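To start, the structure itself, in structure tokens.
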Amino acid sequence: MRIAILPDAAAIAGLAADRIEALYRRKPAFVLGLATGSTPLPLYAELVERHKAGRISFAEVSSYNLDEYVGLPRDHVEGYSNFIHRHLVDLVDFREGAAHGPDAWTGDSHAAAAAYDAAIREAGGIDLQVLGIGSDGHIGFNEPAGSLTSRTHVGVLTEQTRRDNSRFFDGDIDAVPTHCITQGLGTIMEARENLMICTGEGKAEAVRELVEGPVSQRWPATILQMHPNTVVFLDEAAASRLEMKDFYREVWEKEQLPL
Ligand code: GLP
């Protein structure tokens, strides 16, 4: 796991976009994994700007979202597929049908989860997966106490996650679904690169566990310590509870990441 502590969200968005732009130059038909939440929004805005400037095209790209709520109407504005279309896919040059997400509207979410997992494999696997972190340590919607090797599955959301996400539902926790379909931790671990972005004080405890805690089901994101190519971009607030901050800064300065 490589760690960069950067001044602010804009600096993170720039470096994260550099990695995606470099991947595009190596492999224009890359497979991109997309996270929802507010954290990656500056990155998606930066990708839209670079697309407008002619630096990156998504014409040959296919994307796979991390997760989707179960129980929202398909056209609900906070549905994750709609979110990703609104903030990225519809603003650049994705081909019709090239942006994918778990299908939570088939009536059989367990079968839909298995089919989604198979579709990612059939697409050749994810080249670069964008990740955020929940304040309880979840990635995707892999909540505490789930298997560290899980495949895409139907999951139950913790009360903390539903409280955190209620800001997207007019502050009403009861409006936040209780279930989801999420890529499993085993699925996420197969991405060739994971690019984790964490910003703000509210993530500081989860970040401390992610980087310095033991690998455990209690903090699902800690499984990334076992991944061979994971980059973690932090702002100062998210990094504030790390014990070895100075060492991470030194390593980052001395060993700039190849793009
Ligand atoms: C949701 C998503 C996660 C995301 C997390 C953090 O629960 N399922 O993929 O990382 O929220 O969201 P935010 O970036 O808004 O803090």
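The values are calculated or read from the model by the stated rules, or taken from the named source; none is laboratory data. It should be emphasised that the depicted structure is a prediction, and the values quoted were computed from it without experimental measurement. Positions of Cβ are generated from backbone atoms using ideal geometry, with glycine treated the same way; all protein chains shown enter the neighbour counts. Quick note on the areas: whole protein, heavy atoms, side chains included, nothing else; ligands and nucleic acids left out. Shrake-Rupley method; radii C 1.70, N 1.55, O 1.52, S 1.80 Å.
Numerical summary
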quantity: Percent antiparallel among DSSP beta bridges (both partners in the chain, rounded to 5); calculated: 30
quantity: Computed [θ] at 222 nm, deg cm²/dmol, the chain (DSSP H ≥ 4; -39,500 (n - 2.57); rounded to nearest 500); calculated: -9500 deg cm²/dmol
quantity: Stretchable slack from Glu190 to Ser38, in nm (0.36 nm times residue separation minus alpha-carbon distance); calculated: 52.3 nm
quantity: Highest-MSF residue in the chain out of Ala98, Ala53, Ala118 [GNM, Cα springs under 10 Å]; calculated: Ala53
quantity: Solvent-accessible heavy-atom area per residue, rounded to whole Å², over the chain at 1.4 Å; calculated: 43
quantity: Per-residue HN-Hα couplings for the stretch 236-242 [Karplus 6.51, -1.76, 1.60; θ = phi - 60°; Hz; x = Gly/Pro]; calculated: 4, 5, 5, 8, 5, 9, 6
quantity: Fully extended contour minus Cα-Cα distance, from Lys52 to Ala22, at 0.36 nm per residue; calculated: 9.1 nm
quantity: At most 13 other Cβ within 10 Å, DSSP loop - trypsin sites (Lys or Arg not before Pro), the stretch 35-121; calculated: Arg55, Arg74, Arg95
quantity: The stretch 2-255 - percent of accessible surface contributed by carbon and sulfur, probe 1.4 Å; calculated: 51
quantity: Cut-off 13 Å between beta-carbons: net charge of the residues surrounding Asp174, Lys and Arg +1, Asp and Glu -1; calculated: -1
quantity: Length-normalised contact order of the stretch 2-255 in % [C-alpha pairs under 8 Å, at least 6 apart]; calculated: 23
quantity: Mean separation of Cα contacts under 8 Å (6+ apart) over length of the stretch 104-259, as relative contact order %; calculated: 26
quantity: At most 15 other Cβ within 10 Å, DSSP loop - GluC sites (Glu not before Pro), the stretch 65-164; calculated: Glu78, Glu96
quantity: Length released on extending from Ala59 to Gln256, taking residue separation times 0.36 nm less the Cα-Cα span; calculated: 67.9 nm
quantity: Nonlocal amide H pairs with Gln129, under 5 Å, H built at 1.01 Å; calculated: Gly33, Glu193, Asn194, Leu195
quantity: Anisotropy class of the stretch 104-160 from Cα gyration tensor, a/c 1.5 cut; calculated: oblate
